[in-house]
Amino acid sequence: MNDADRASVVALLKDGKSTVEIQEQLDVSVGEIAAVAETEELTQAHTKRTPAPVLDLDPEIARSLAALAWGAKSSVPRTRKLAQRTLDGLSKLAELKREEAKVKAVEAKVAAYERKLAKARAELRNIKSISLDGETDKVTRDAIRAWARDQGLKVGTAGVIPKAAMAAWKRHTAATPSAG
């Protein structure tokens, strides 16, 4: 958390804003708000002004926040630096969490678009498998595949009939009106 965000959190806490309201205005976590509140000794006043408890943390986290607040106010420079590095680390973790959430949201969008693309490709394959005379039914497609194999062309047992096989079939049926 940078100094500007910290100052904004302090001002909002002093104005009696709840943690939810602060999070809506700033991009900070509840833990960061709690750490600032502890450091600035605003927790009692802040707790009284909010209808719900500010923190619903397990005791170990509460002890850690209290130690962090103590370290930030320490007269020993080494302790203050450690507390600041810890706050910086927590801020970085919160930033990484937000970035990961953004990545997951975009990945979900990509997956949805990939499903749409797969559906569109299947539709395109179906359209491409339709002959010029109209839709080629399964019996006709099976006959085309069998004929193409007899001609030495590579044709799968299902799916789109290759263009080369369809073109050869069309030439064959044009040359032999009774074929098909």
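The values are calculated or read from the model by the stated rules, or taken from the named source; none is laboratory data. Remember, predicted model here, so these are calculated numbers, not experimental data. In this analysis, Cβ positions are derived from the backbone assuming ideal geometry, glycine residues included, and neighbour counts consider all displayed protein chains.
What to note about this one:
- Every listed requirement among (1) closer than 30 Å to Ser29 by Cβ; (2) loosely packed, with under 12 Cβ neighbours inside 10 Å is met by Lys116 save one, (1).
- The residue of the range 133-159 that is surrounded by the fewest Cβ atoms within 10 Å (Cβ to Cβ), among those that are of a type outside the set (Lys, Arg), modelled with pLDDT of 80 or more and in a helix (DSSP H, G or I), is Asp150.
- Residue count for the range 80-92, restricted to those that are surrounded by 12 or more Cβ atoms within 10 Å (Cβ to Cβ) and either closer than 13 Å to Asp5 by Cβ or within 21 Å of the chain's Cα centre (by Cα) (or both): 4
- Residue pairs whose Cβ atoms lie under 8 Å apart, separated by 6 or more positions or on different chains, with the first residue in the range 145-170 and farther than 20 Å from Arg121 by Cβ and the second exposed (fewer than 11 other Cβ atoms within 10 Å of the Cβ) and among the polar types (S, T, N, Q), are Arg145/Thr157.
- Scanning the range 1-12 for residues that are modelled with pLDDT of 85 or more, crowded, with 18+ Cβ neighbours inside 10 Å and closer than 17 Å to Ala69 by Cβ gives Arg6, Val9.
- Within the range 23-132, helices (runs of 4 or more DSSP H) holding 3 or more residues that are among the small types (Gly, Ala, Ser) and either touching a Leu at 6+ places or on another chain (Cβ under 7 Å) or at pLDDT below 90 (or both): 30-39, 59-73, 77-128
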